[in-house]
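Participant: Pasting a structure below so you can have a look.
Bear in mind these aren't lab numbers, they're just calculated from the coordinates by the rules spelled out. Just so we're clear, the structure is a prediction, and the values are computed from it rather than from any experiment. Don't worry about glycine lacking a Cβ; one is built from the backbone with ideal geometry, like all the others, and counts go over all protein chains shown.
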Amino acid sequence: MSAKPLKNSMEKMTKNRINKLTLGTVQFGLSYGINNFVGQPARENSLTMLELVYDKGIKTFDTAYAYGNAEEILGEFLQRRNLREEVRIITKLKPNILLEKKGGVGQIIAGNLEESLRRLKRDFVDGYLLHTPEYVRDDKVIKALGELKKQKLTRNIGVSIYEEADAVFAAKLAEVDYIQVPYSIFDQRLDKTDFFQLAKKNNKTVFARSAFLQGLFFMAEEKIPPYLEKAKDYFREMDKIIGQYGFSRQQAALNFSLSNDGIDQVVFGVDNAGQLEENLKIAGQDIDWEPCLKELRGKFINIEKNIIFPRLWTK
């Protein structure tokens with residue numbers, strides 16, 4: 001079968017898919033990704049990609065205090081284009097910050113956001129997320145985030161999670177607006193829970209990340225490191241399925257996340273303009289994806305965490 005666009009594709013549908021994309025900026029601030037062999041892009045290259053993304057219609061950007069100088073680069077772009085209400089900026093509290101700094105919880109969290117706002121050259125962000133998932137269970141932390149929202153320093157508060165239990169907990173928490181979750185062909189754990197139903201019922205905005213597993217989806221088999229040897233079997237199985245329909249790994253991975261109605265935004269990152277153009281092209285295509293999706297959905301539901309959790313990858 002072919003993965004060619006359908007003849008009767010609707011412009012509104014493809015535009016909505018572009019609007020469902022959020023650009024992640026970790027690659028602009030760090031040498032990031034298992035398949036990245038060239039390192040962090042030059043500052044001007046990062047700024048050029050931000051320009052291209054914005055001009056192509058993507059208006060939401062995900063960053064974090066922990067992403068090296070990504071906030072500063074994004075801030076420079078925003079200042080150059082004099083962008084304010086036209087874009088949504090989501091950033092995150094420094095991980096484990098309460099273990100590092102002394103003082104009141106509210107003071108520490110407010111101070112970190114002030115630093116991020118200075119880097120971003122803004123006086124507010126659309127979303128401020130916890131980068132340490134367990135903090136979402138701390139009433140003092142949630143209260144501190146709520147104060148920042150009252151002060152209009154952030155319009156929404158939330159959390160970036162790894163485990164299903166934290167996602168479900170956050171979906172039930174009244175104060176939380178945004179929840180960022182890992183979701184990919186190889187990580188369908190949340191489909192086995194009622195997370196997406198809860199999030200929709202409670203008006204949470206769901207951001208899905210890790211569609212490409214930090215570039216693992218693009219690695220040649222011979223370059224996959226020994227500690228991820230088992231992943232080769234899963235890739236062979238996946239390639240057999242998507243090959244029947246003429247899809248590339250990139251098409252399959254991105255479409256898998258975009259097709260989930262419980263996901264509001266798909267966060268993706270790029271190392272270069274070529275990757276960016278290809279992702280935008282995929283999102284802009286109206287393709288006959290449902291038959292392939294049916295085969296992939298539920299197929300890879302018990303993959304080991306040391307494969308789907310990059311933070312557990314052993315070097």
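Participant: Do the sum for the chain: with -39,500 (n - 2.57) for every DSSP H run of n ≥ 4, divided by all residues, what is the mean residue ellipticity at 222 nm, to the nearest 500 deg cm²/dmol?
Facilitator: Details: 14 runs with 132 residues, N = 315.
Computed mean residue ellipticity for the chain: -12000 deg cm²/dmol.
Participant: Measuring from label point to label point, each 7 Å out along Cα→Cβ, what is the Phe309 to Lys223 span in nm?
Facilitator: My value for the distance between the label points is 2.7 nm.
Participant: Report, in debye and to the nearest 20, how large the dipole of segment 188-309 comes out about its Cα centre when Lys and Arg carry +1 and Asp and Glu carry -1 on their Cβ. Please report the intermediate quantities before stating the final value.
Facilitator: Working: 17 positive and 18 negative charges, 96 e Å.
For segment 188-309, the charge dipole is close to 460 debye.
Participant: Please go through the residue pairs Lys149/Lys204; Lys92/Lys192; Lys59/Lys149; Lys232/Lys299; Lys20/Lys94; Lys140/Lys204 and name each one whose alpha carbons sit more than 19 Å apart in this structure. Don't jump to the answer; show the numbers that get you there.
Facilitator: Numbers: Lys149/Lys204 16 Å; Lys92/Lys192 27 Å; Lys59/Lys149 21 Å; Lys232/Lys299 15 Å; Lys20/Lys94 26 Å; Lys140/Lys204 21 Å.
Where the Cα-Cα span goes over 19 Å, the pairs concerned are Lys92/Lys192; Lys59/Lys149; Lys20/Lys94; Lys140/Lys204.
Participant: Give me, ordered by chain and number, the residues 5 or more places off Asp288 or on other chains with an amide H under 5 Å from its own placed amide H.
Facilitator: Result for Asp288 returns Leu6.
Participant: Something else: What length, rounded to one decimal in nm, is gained on full extension from Thr193 through to Lys230, with 0.36 nm per residue of separation minus their alpha-carbon distance?
Facilitator: That works out to 10.8 nm of additional length.
Participant: If you don't mind, there's one more thing I want to ask. Tell me, what HN-Hα J-couplings in whole Hz come from the Karplus equation 6.51 cos²θ - 1.76 cosθ + 1.60 at θ = phi - 60° for each residue of segment 82-95, using x for Gly and Pro?
Facilitator: 6, 9, 9, 6, 6, 10, 10, 10, 10, 10, 9, 5, 4, x
Participant: Between the DSSP loop rule and a limit of at most 16 other Cβ atoms within 10 Å, which trypsin sites (Lys or Arg not before Pro) in segment 135-170 are left?
Facilitator: On the way: sites: Arg137, Lys140, Lys143, Lys149, Lys150, Lys152, Arg155; in loops: Lys152.
Passing both the DSSP loop test and the Cβ count: Lys152.
Participant: Counting only DSSP beta bridges with both residues in the chain, tell me the antiparallel percent, nearest 5. Each step should come with its number before you reach the end.
Facilitator: Numbers: 2 of 28 bridges.
The antiparallel proportion sits near 5 percent.
Participant: Here's another thing I want to ask about it. Based on alpha-carbon centroids, what's the gap between segment 226-257 and segment 94-144 in Å, whole number please?
Facilitator: What the calculation gives is 37 Å, centre to centre.
Participant: HN-Hα J couplings of segment 286-298 from phi, Karplus 6.51/-1.76/1.60, θ = phi - 60°, integer Hz, Gly and Pro as x?
Facilitator: Couplings: 9, 10, 7, 9, 4, x, 5, 4, 4, 6, 7, 5, x Hz.
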